[in-house]
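Just so it is clear, none of the values below were taken in a lab; they were calculated from the coordinates. Computed from a predicted structure; not experimentally measured. Quick reminder, even Gly has a Cβ in these numbers, built from the backbone with ideal geometry, and neighbours come from all protein chains shown.
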Amino acid sequence: MTESITGFPLPAKTDRLSLQPVLERIAQTTVKHLRQGGYVSEAEAAPWIPAYLTALNSAHPPADFLTYVADVQAQKHSLTQEGEVIRMQKLLRNCLNDRVHYWSFGPLPGRATALYDHCSGLRPVCAALGCPATLAGETSIVHIGSINPVSALVASFWISHELNRETDGDAPFVFSFLMDLPAWQILMQNHFAA
């Protein structure tokens, strides 16, 4: 059974293969916004999705669609991966009307495992989406960190839905934050390192 929260179905299973259609839809939406913002032409972006899907099935899949695109584009623009991510983030935030705020205050508050201990099904989802999340308080406030605002919004809806299903109380406040690449990489390591 799937739930339609974000405009496309969320799979009941949360293994990497089952989550691939969600990752593909995030990539498509991200490309759409990057094209609308003038970052890339349709012809330039055409090979990204098929190549990204191939990369997802590799031994070392990209942690987020933006890191994949940043690697491709950094070579073309003579920028670092981080510089390319910053360019894309600025465009995406403008396209999404600042629905995801920028976090620049160090690590997100809360224990790295608190949300996943409370709702274990969210760990593989957050890992696949590249959106580490923490509980700040009991289950009333959730912070999500991401480099891709599209992924952050999907994670926000998914986490809200899962926490609402588990409790009869008030809906949690879920806040999505955009992070710079180094801070996000550290957060990903802290949350999902094997």
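For the chain, DSSP calls about 40 percent of its internal beta bridges antiparallel.
Check every DSSP H run in the chain and write down those whose alpha carbon atoms cover 27 angstrom or more along the long axis and whose mean Kyte-Doolittle hydropathy is 1.0 or greater. Numbers along the way, then the final one.
Numbers: long enough: 16-36 (29 Å, -0.40).
None clear 27 Å together with a mean of 1.0.
Mean separation of Cα pairs under 8 Å and 6 or more residues apart, divided by the residue count, gives the range 89-147 a relative contact order of 30 percent. Working ranking of peptides 27-37, 41-51 by packing, defined as the average number of other Cβ atoms within 10 Å per residue, highest first, is 27-37, 41-51. DSSP beta bridges confined to the range 101-192 are antiparallel in about 25 percent of cases. Gap in Å between the Cα centre of the range 72-93 and the Cα centre of the range 142-181? With the range 142-181 and the range 72-93 each reduced to a Cα centre, they are spaced 25 Å.
Label sites at His118 and Ala55, each approximated as a point 7 angstrom past Cα along Cα to Cβ, lie 3.3 nm apart. A simple spin-label model places pseudo-atoms 7 Å from Cα toward Cβ; at Arg16 and His161 they are separated by 2.3 nm. For the range 101-143, the percent of C-alpha pairs falling in each 5 Å distance bin, counted from 0 to the bin holding the largest distance, reads 5, 24, 30, 25, 13, 3.
Based only on the alpha carbon positions, what is the Kirkwood hydrodynamic radius of the range 17-96, in angstrom?
Details: mean 1/r = 0.0779 Å⁻¹.
In the range 17-96 this quantity evaluates to 12.8 Å.
Secondary-structure-derived ellipticity at 222 nm for the chain, considering helices only, amounts to -16500 deg cm²/dmol, per-run term -39500 (n - 2.57) for DSSP H runs with n ≥ 4. Under 23 Å of direct C-alpha separation, and excluding same-chain neighbours fewer than eight residues apart, Lys76 reaches these lysines: Lys32, Lys90. Given Cα pairs under 8 Å that are at least 6 residues apart, what percent is the relative contact order of the range 101-192? Once divided by the residue count of the range 101-192, the mean separation gives 33 percent.
In the range 101-192, inverting the average of 1/r over every pair of distinct C-alpha atoms gives 12.7 Å as the Kirkwood radius. Projected onto their three principal axes, the Cα atoms of the chain cover extents of 49, 38, 34 Å, largest first.
For the chain, what's the relative contact order in percent, using C-alpha pairs closer than 8 Å and at least 6 residues apart? The partial results should precede the final answer.
Details: 263 pairs, mean separation 39.6, N = 194.
Reported as a whole number, the value is 20 percent.
Given the peptides 149-162, 102-115, arrange them by the average over their residues of other C-beta atoms within 10 Å, most packed first. Provide the component values of the computation, followed by the final result.
Values: 149-162: 23.0, 102-115: 15.4.
Top to bottom by mean Cβ count within 10 Å: 149-162, 102-115.
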